[in-house]
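One structure below.
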Amino acid sequence: MTEAKQETPNITTELALLVALATLWGASYTFIRIGVATIPPITLIAGRTAIAGLLLLVIMRMRGVKMPTDAATWRRFLFQAGMNSVVPWTMVAWGERTIDAGLATILNSTAPIFTFFLTLLVTRHEVLTSRKLIGVVAGMVGICLIVGVQALAGFGEQLTAQIVTLLAAVCYAGAAIFGRGFKGLDPMAPAAGSLICGAAVLIPLSLVFERPWTLTPSTSSLLALLGLAVFSTAFAFAIYFRLIQTLGSVGTTAQAYLRVPIGVSLGILFLGERPSATAWIGLACVVIGVAAMTIPARKVTAPVSS
């Protein structure tokens, strides 16, 4: 009996999707910056998680994938939601009331660096290599160049927003480590489950603290919320999980350093932002650091002796 041949993915298509993913995630910071102009942070992220979670459930239904029903898995989804969406997304939204979208993109892209620190201190499942060490040093230099200059002017509101945005990257690092425990599930299930749990937490908080029925959001903020939820969250996750299957987890991490210049460029194009000279140098250091942390090392093949 002849086995069915598995269709080989078109590498050009997959690389185009990789750039699309980096663009969608890079654009999220511009969407957030526009959204928080008239929508408070908790309400904005509550809308993001609710809309995106429902869309992912629809996509999963179309794919014939069922969500788990046991309470233990949903408790893990709830914890993942806290680390991956509820806390960090709200932190970023709060921070972007003060700092530029481009700067938030740079600071928030340091998650791979903090992931390395956490694995080194807690799980210790990764080996310290010279390239990773260079990546950590370059990334930390970039952070100091961006945040350190503001620190010299005193502990103002902008510095606080920068620190909060960095803490969001630490949350992403913790979520990345915890997410390794969902190996038995379809990869889209934890994404949808954590988003639904995130919405279940954030909607009541929004009702209590921000009273969304009293808000008068602008049309641009509402459109930014829809773009954030539909494109930068639901569609981005759908592309991400396809790339995991075609390019693999290592290849897909290339978006981590692609989205930084894309996010900064979108802030310049659509918001008229002008990063300082120090921020540009910090951007270069962070991109080098994240690339060193995520690009796989080439394996050297030993010569075969005759």
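Throughout, read-outs are computed from the coordinates displayed, never taken from laboratory work. Note that the coordinates shown come from a computational prediction; the quantities given were computed from them, not determined experimentally. Please note: Cβ atoms are built from the backbone with ideal geometry, for glycine as well, and neighbour counts cover all protein chains shown.
This ranking places ASP100, ASP186 by how few other beta-carbon atoms lie within 10 Å of each, fewest first, which gives ASP186, ASP100.
On the beta carbon distance between ASP70 and ILE177, with R0 = 22 Å, the FRET formula returns roughly 0.45.
Of the residues LEU55, ILE163, ALA93, the one whose Cα sits farthest toward the positive end of the charge dipole of segment 11-294, with +1 on the Cβ of Lys and Arg and -1 on the Cβ of Asp and Glu, is LEU55. Between THR216 and PHE270, the FRET efficiency from the beta-carbon distance, with R0 = 22 Å, is close to 0.45.
Under the rule a/c < 1.5 gives rounded, and otherwise a/b versus b/c splits prolate from oblate, where does segment 60-146 land using the Cα gyration tensor? Note, shape of segment 60-146 comes out oblate. Is the C-alpha gyration tensor of segment 54-101 telling us rounded, prolate or oblate? Criteria: a/c under 1.5 is rounded; beyond that, a/b larger than b/c is prolate, otherwise oblate. It is oblate, given that a/c is not under 1.5 and a/b is not larger than b/c.
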